[in-house]
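Q: Sharing a structure, written as structure tokens. Questions coming.
The values are calculated or read from the model by the stated rules, or taken from the named source; none is laboratory data. None of the values given here were measured: they were computed from a predicted structure. Glycine also receives a Cβ, built like all others from the backbone with ideal geometry; neighbour counts cover every protein chain displayed.
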Ligand code: BES
Ligand code: MN
Ligand code: MN
């Protein structure tokens, strides 16, 4: 359930509260907040003068003006250290503001965060960070809350209270944009949180079709029969034991007028549940493997945003979807499978399945669309979580220009990336005895083996040498979901990648 959020122009209606933002250790109220302070009868500057609060990042201090003719509350949002300021501090502040406004049942809040942020962010980008931060904080996955949680077994009947975010024009436009992108992030989170007994490959196909129709994307499906005729041995092997057949979802955004070289190909791993197969995972934590579809769900969310914002770039999204299950017809360690580009792989571990479904999608997608750039997102390895933790995704990209482009987008979106290497040695490391490549060659550099494996499927020559196409592989295993509630993110899927991809495509030339 989401409450409705709107961006409204300043001056139209009187707010229930005004929110301002300050950096840590601010002792003097910035001039731009003088009129708010005056309307509050000097309560804000008095508060500051007492030095009782510090405006730490994510803090919220409420001032209740005794008299004055302004709003009955002033929220002071902390932006933290001035020297460490990024748009993420605004997102966190917006999330705190939203939670406070909701718990006080407010209808209208005026956001005046400009003075705090000074010239460090354009007003448009300030608005975007407020908007997407607010939208992300406005997410609750309650579709499966049942009668024990007061839902009477039916959908929540609680009235959806809306909130208006009031802001000056330039910021308001940014907020509107951010709210829309945030909706796409929440679509990704909803699909990602949907449990594996519901969200099987066929369910994702239906959801993708519905979404595509709504926003005007082309959607086609390569079903198991078609995959067989195309020789997609990876997708079919991984999906063999699932009670729902695997599929490759194709979403295409092809506007009449396009800008920049295209198309851009986005590919996301959607293993709807990963038992590990015969190389079975330990029971502990296996339930979290419903999140093994997060890369694919990020591509669905990004395509949703790209189409609703009508971005003038040709983009194709591919989502290979399969259940990695165990049954008599499951694939085995020792099997040798052939992908649609003729490359063969000797299976050493059925738990290294993500690369197998990505391989067919990448090989088919690059051959069919001849993309100018490729990004794949996948919860590919536990190894990247060991290496980088829940703080950033691993980014494998040898093209310095394209990598710079993605890192710029990441700076804006706050979804952090960390560059990891991919060398010829890693390609050599996975050479097989009886097939071309192993799907896993043990623990050494194992997140990089994943990238090395995928490098065989990016271009026709990729079979014999490192591909040159601008291509980035993002291993999002550590960031796709969070175990900690930290505004703006609730526990569960984060939608990592959606905002990053949208920004990268918006700024594509
Ligand atoms: N889906 C997992 C990776 C994963 C692990 C994601 C933990 C999120 C949290 C992937 O399919 C997997 O099982 N990878 C193996 C690969 C290994 C067998 C080479 C891994 O990382 O252990
Ligand atoms: Mn696995
Ligand atoms: Mn997996």
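Q: Could you tell me whether any residue of segment 276-284 is more than 16 Å from ligand 1 (Cβ to nearest atom), surrounded by fewer than 24 Cβ atoms within 10 Å (Cβ to Cβ) and part of a loop (DSSP other than H, G, I, E, B)?
A: No, that holds for no residue.
Q: Same structure, new question: May I ask you to verify whether residue 287 is crowded, with 24+ Cβ neighbours inside 10 Å, in the same structural domain as residue 355 (by TED's automatic domain parsing) and either touching a residue at least 24 places away in the same chain (Cβ under 8 Å) or not in a loop (DSSP other than H, G, I, E, B) (or both)?
A: Judged against the criteria, residue 287 is not a match.
Q: While we're on this one: If I filter segment 292-303 for residues that are outside any strand (DSSP E or B), in contact (Cβ under 8 Å) with a residue 12 or more places away in the chain, surrounded by fewer than 24 Cβ atoms within 10 Å (Cβ to Cβ) and more than 16 Å from ligand 3 (Cβ to nearest atom), do I get at least one hit?
A: Checked segment 292-303: no residue is outside any strand (DSSP E or B), in contact (Cβ under 8 Å) with a residue 12 or more places away in the chain, surrounded by fewer than 24 Cβ atoms within 10 Å (Cβ to Cβ) and more than 16 Å from ligand 3 (Cβ to nearest atom).
Q: Additional query: Out of all the residues in segment 285-325, which are closer than 20 Å to residue 236 by Cα, away from ligand 1 (no atom under 16 Å from the Cβ) and either under 15 Å from the mean Cα position of the chain (by Cα) or at pLDDT below 95 (or both)?
A: 317
Q: While we're looking at this one, here's another question. Being more than 16 Å from ligand 1 (Cβ to nearest atom) and either within 23 Å of residue 249 (Cβ to Cβ) or surrounded by 19 or more Cβ atoms within 10 Å (Cβ to Cβ) (or both) is the requirement here; does residue 417 meet it?
A: yes
Q: Continuing with the same structure: Being within 30 Å of residue 186 (Cβ to Cβ), away from ligand 1 (no atom under 16 Å from the Cβ) and either surrounded by fewer than 19 Cβ atoms within 10 Å (Cβ to Cβ) or without any contact (Cβ under 8 Å) to a residue 60 or more places away in the chain (or both) is the requirement here; does residue 256 meet it?
A: When the stated conditions are applied, residue 256 passes them.
Q: Identify, by number, the condition in (1) in contact with a helix residue (DSSP H, G or I) (Cβ under 7 Å, 6 or more places away or on another chain); (2) away from ligand 3 (no atom under 14 Å from the Cβ) that residue 365 doesn't meet.
A: Among (1) in contact with a helix residue (DSSP H, G or I) (Cβ under 7 Å, 6 or more places away or on another chain); (2) away from ligand 3 (no atom under 14 Å from the Cβ), the lone unmet condition for residue 365 is (1).
Q: Criterion first (modelled with pLDDT of 95 or more, away from ligand 1 (no atom under 16 Å from the Cβ) and more than 23 Å from residue 374 (Cα to Cα)) does residue 243 satisfy it?
A: Criteria met by residue 243.
Q: Kindly provide the set of residues from segment 318-344 that are within 16 Å of ligand 3 (Cβ to nearest atom), surrounded by 21 or more Cβ atoms within 10 Å (Cβ to Cβ) and part of a loop (DSSP other than H, G, I, E, B), ordered by number.
A: The answer is 325, 331.
Q: How about segment 46-70: which of its residues are touching a helix residue (DSSP H, G or I) at 6+ places or on another chain (Cβ under 8 Å) and either surrounded by 15 or more Cβ atoms within 10 Å (Cβ to Cβ) or at pLDDT 90 or above (or both)?
A: 53, 57, 58, 59, 60, 61, 62, 63, 64, 65, 68, 70
Q: Continuing with this model, one more query. Just checking, how many residues over segment 62-90 are part of a helix (DSSP H, G or I) and within 20 Å of residue 9 (Cα to Cα)?
A: 1
Q: Next question. Among the candidates 8, 18, single out the residue that is assigned to a strand (DSSP E or B) and within 30 Å of residue 143 (Cα to Cα).
A: Result: 8 is the single residue among 8, 18 that is assigned to a strand (DSSP E or B) and within 30 Å of residue 143 (Cα to Cα).
Q: Right, another one. Give the residues of segment 247-275 that are within 15 Å of ligand 2 (Cβ to nearest atom) and not in a strand (DSSP E or B), sorted by residue number.
A: 269, 275
Q: Between residues in segment 349-377 that are closer than 19 Å to residue 236 by Cβ and residues that are assigned to a strand (DSSP E or B) and more than 14 Å from ligand 3 (Cβ to nearest atom), which pairs lie under 6 Å by C-beta distance while being six or more apart or on different chains?
A: Taking only residues 6 or more apart or on different chains, the pairs are 361/248; 361/267; 361/318; 362/267; 365/265; 365/318.
Q: Out of the residues in segment 345-399 meeting the condition of being away from ligand 2 (no atom under 16 Å from the Cβ) and part of a loop (DSSP other than H, G, I, E, B), tell me which one is farthest from the chain's Cα centre (by Cα).
A: Residue satisfying both the conditions and the ranking: 370.
Q: Then there's this: What's the total number of residues in segment 498-509 that are closer than 16 Å to residue 87 by Cα and either in contact with a strand residue (DSSP E or B) (Cβ under 6 Å, 6 or more places away or on another chain) or surrounded by fewer than 16 Cβ atoms within 10 Å (Cβ to Cβ) (or both)?
A: Number satisfying all stated conditions: 0.
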